[in-house]
1. Simple spin-label model, 7 Å along Cα-to-Cβ: A22 to K95 in nm?
2. Explain nothing, just the number: relative contact order of the stretch 3-199, from Cα pairs under 8 Å at least 6 residues apart, as a whole percent.
3. Given R₀ = 30 Å, what would the calculated FRET efficiency be for Q165 paired with N64, taking r from the Cβ atoms and rounding to 0.05?
4. Treat every Asp and Glu Cβ in the chain as -1 and every Lys and Arg Cβ as +1, leave all other atoms uncharged, and give the resulting dipole magnitude about the Cα centre to the nearest 20 debye.
5. Two-decimal Rg/Rh of the chain from alpha-carbon positions, Kirkwood Rh?
6. Got a sec? How would L143, L81 order by Cβ neighbour count within 10 Å, fewest to most?
7. Between D113 and S176, what is the label-to-label distance in nm when each label sits 7 Å out along the Cα-to-Cβ direction?
8. Any idea what diffusion coefficient the stretch 100-143 gets from Stokes-Einstein, in µm²/s, Kirkwood Rh on alpha carbon pairs, 10 °C, 1.306 mPa s?
Amino acid sequence: MTDSSRHGDIHWPNTHFLQSVADSSQFPDIDLPQVAVAGHSNVGKSSLMNALFGRKGLVKTSKNPGCTRLLNLFDVDASLLVVDLPGYGYARAPKKEQKRWIHMIEGYLAHADLKLVLMLLDIRHGPKDSDLQLIEWLNEGGLRWLPVATKADKLSGNQRSKRLQEMTDAMGGMLSPIPTSSFKGTGIDTLRNTIEQEMRP
Ligand SMILES: Nc1nc2c(ncn2[C@@H]2O[C@H](COP(=O)(O)OP(=O)(O)OP(=O)(O)O)[C@@H](O)[C@H]2O)c(=O)[nH]1
Ligand SMILES: [Mg+2]
């Protein structure tokens, strides 16, 4: 059985939660390729991970922004480490707390042995200034990132294509977001396959 057929369309069944860490210094010594899931608070990071894993409640989600406050590590088939990051840009969080989050996210991104950052953008609103700042920061650091549009179910087909083009243009025209809906399952297989391709040496 090849790697791609083992993972591919069967929802990464052997996924489990490893641990939560407050910063990169607490990171366990794990020799697996890492994928980080980044994006604005409430953009749908944790929901997208549940969809990718095919497991509804594995990653905690919430309609209140700021649900994920630590780095949560998930092991996929003992061959991939997926890291759920706290969302940034949650305006109502105390300033001190916001700074702590940004510090934690950038500290992790700078030090982790990352293969890929999934940059999640709400198909209706993104990219916001804070997203563009992070993208610039990732580009400067030479980190590989891929845009993923979330909540595609919120728009009709026509609006969706229009927004995807606008998002592509706003990010410099090089990468177009993969449209996804964690609710409907749209784009989830495509994203899973894309991640696997990116992990190949
Ligand atoms: N319509 C729709 N809503 C979604 C989708 N994915 C997530 N949501 C909703 O968006 C809200 C936030 O989802 P989360 O997955 O917790 O978002 P998050 O980015 O992890 O949020 P933080 O941990 O606070 O940064 C919840 O109310 C979800 O139900 C989607 O595909 N479609
Ligand atoms: Mg979350």
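Values in this text are rule-based calculations from the coordinates and carry no lab data. The shown structure was predicted, so the numbers you read here are calculated from the model rather than taken from an experiment. Neighbour counts are summed over all protein chains in view; Cβ atoms, including those assigned to glycine, are modelled from backbone coordinates with ideal geometry.
1. 2.3 nm
2. 24 percent
3. Once rounded, the FRET efficiency stands at 0.40.
4. 980 debye
5. Reported Rg/Rh (Cα atoms, Kirkwood Rh): 0.93.
6. Fewest-to-most ranking of L143, L81: L143, L81.
7. 3.6 nm
8. Approximately 140 µm²/s, per Stokes-Einstein.
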